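The values are calculated or read from the model by the stated rules, or taken from the named source; none is laboratory data. Just so we're clear, the structure is a prediction, and the values are computed from it rather than from any experiment. As a convention, Cβ positions derive from the backbone with ideal geometry for all residues, glycine included, and neighbour counts pool all protein chains shown. When the accessible area is computed, the model is the full protein with side chains, heavy atoms only, and any ligands, DNA or RNA have been set aside. Shrake-Rupley method; radii C 1.70, N 1.55, O 1.52, S 1.80 Å.
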Amino acid sequence: MSRILCCLGLCFSMLFTLRAEDRLAFVGVALDLETRQADRKLQEFLVAKAGVSFAPEELEYEEVIKRLSQAKPSDTPFLARATPYVLVAAELLGADLEVLGTYVSSATGRTTYRSYFVVNRKQFPTPPDLATVYGRLRERRARFVYHSPFSTSSFFLPSLYFREQKLFHMPENTESLWALDAVRIAENSSSRLVDLVASGEADIAAVWDGTRAKAEKAGKAAAVHFVPLPALLPNDLLVCSRNLDP
């Protein structure tokens with residue numbers, strides 16, 4: 001009897017281990033309701049196709065970076081939808097990840113996207129190029145708004161452009177540098193950035209293709225211009241911890 005109980009205990013232990021491994025954490029950057037719904041659809045697809053279940057974790061940009069970079073090899077494996085900047089930051093902090101793929105955007109039909117400066121049409125009656133926008137930013141102190149310092153399109157890429165053009169968030173101009181005001185808004189929404197520029201409460205912001213498409217569909221593009229930045233970016237990536245079973 002004791003031998004049978006030991007065998008049963010071993011079987012239950014193995015069964016529990018398999019179930020624990022099959023239930024993966026799904027980590028997503030929680031931006032808005034639309035993004036959360038898309039993550040749930042992705043999870044439902046993977047449940048049906050891969051036969052696993054998920055424990056969703058909807059986190060802010062900063063928390064996703066911590067979650068990915070602080071995971072240990074002994075922890076339960078996870079899947080994550082990571083924005084490009086979040087992935088790079090997490091890997092720089094030591095995250096050991098495997099990239100599984102990316103998606104084809106419904107807004108662009110591609111696996112890449114662009115970042116766009118958003119400027120008010122009253123300030124630019126005709127569609128400006130980057131050089132025209134840059135010239136206006138140097139003429140007077142501008143108010144640049146963003147929703148997260150970890151947003152690839154709304155903060156990271158425009159920050160690189162500002163640095164190249166010697167524009168910095170600082171009290172005043174110097175002999176070789178120009179000042180602007182960089183203000184983080186309370187809402188974690190890139191659509192809100194478009195609204196602020198359209199209303200004249202901000203001079204400039206930056207958004208991605210998805211936000212641009214949403215603004216155009218809602219008729220908001222009549223008040224603003226979208227000026228593309230030159231770099232192409234990969235769409236969000238599906239990654240997993242490297243200790244996930246193949």
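Would you check if ALA198 is surrounded by 13 or more Cβ atoms within 10 Å (Cβ to Cβ) and modelled with pLDDT under 95? Walk me through it before giving the result.
On the way: surrounded by 13 or more Cβ atoms within 10 Å (Cβ to Cβ): yes; modelled with pLDDT under 95: no.
In short, no.
Confirm whether TYR116 is open to solvent by less than 70 Å² (accessible area, probe 1.4 Å), under 16 Å from the mean Cα position of the chain (by Cα), modelled with pLDDT under 95 and closer than 19 Å to PRO228 by Cβ. Explain how you work it out, then say what you get.
Numbers: open to solvent by less than 70 Å² (accessible area, probe 1.4 Å): yes; under 16 Å from the mean Cα position of the chain (by Cα): yes; modelled with pLDDT under 95: no; closer than 19 Å to PRO228 by Cβ: yes.
Spelling it out, it is not the case that TYR116 is open to solvent by less than 70 Å² (accessible area, probe 1.4 Å), under 16 Å from the mean Cα position of the chain (by Cα), modelled with pLDDT under 95 and closer than 19 Å to PRO228 by Cβ.
A count restricted to the stretch 143-180 and to residues that are in a loop (DSSP other than H, G, I, E, B) and of a type in the set (Lys, Arg) stands at 1.
Here's the yes/no breakdown for (1) at pLDDT below 95; (2) under 28 Å from LEU100 (Cα atoms):
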residue: ARG163; (1), (2): no, no
residue: SER190; (1), (2): yes, yes
residue: TRP208; (1), (2): yes, yes
residue: LYS214; (1), (2): yes, yes
residue: LYS220; (1), (2): yes, no
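Only one entry of VAL104, VAL99 meets the criterion of being open to solvent by 80 Å² or more (accessible area, probe 1.4 Å), closer than 30 Å to ASP245 by Cβ and out of contact with any Cys (no Cβ under 6 Å at 6 or more places or on another chain), and that entry is VAL104.
Within the stretch 204-243, if we keep just the residues that are open to solvent by 50 Å² or more (accessible area, probe 1.4 Å) and either among the aliphatic types (A, V, I, L, M) or assigned to a helix (DSSP H, G or I) (or both), the residue that is farthest from ALA90 (Cα to Cα) turns out to be ALA222. Annotation for the stretch 50-69: at least one member residue is under 27 Å from LEU33 (Cβ atoms), over 13 Å from the mean Cα position of the chain (by Cα) and assigned to a loop (DSSP other than H, G, I, E, B). Within the stretch 27-49, the set of residues being in a helix (DSSP H, G or I), surrounded by 14 or more Cβ atoms within 10 Å (Cβ to Cβ) and of a type in the set (A, V, I, L, M) comprises ALA38, LEU42, LEU46. On the basis of being modelled with pLDDT of 95 or more, part of a strand (DSSP E or B), touching a strand residue (DSSP E or B) at 6+ places or on another chain (Cβ under 6 Å) and farther than 21 Å from THR83 by Cα, does VAL183 make the cut? So VAL183 fits the description; yes.
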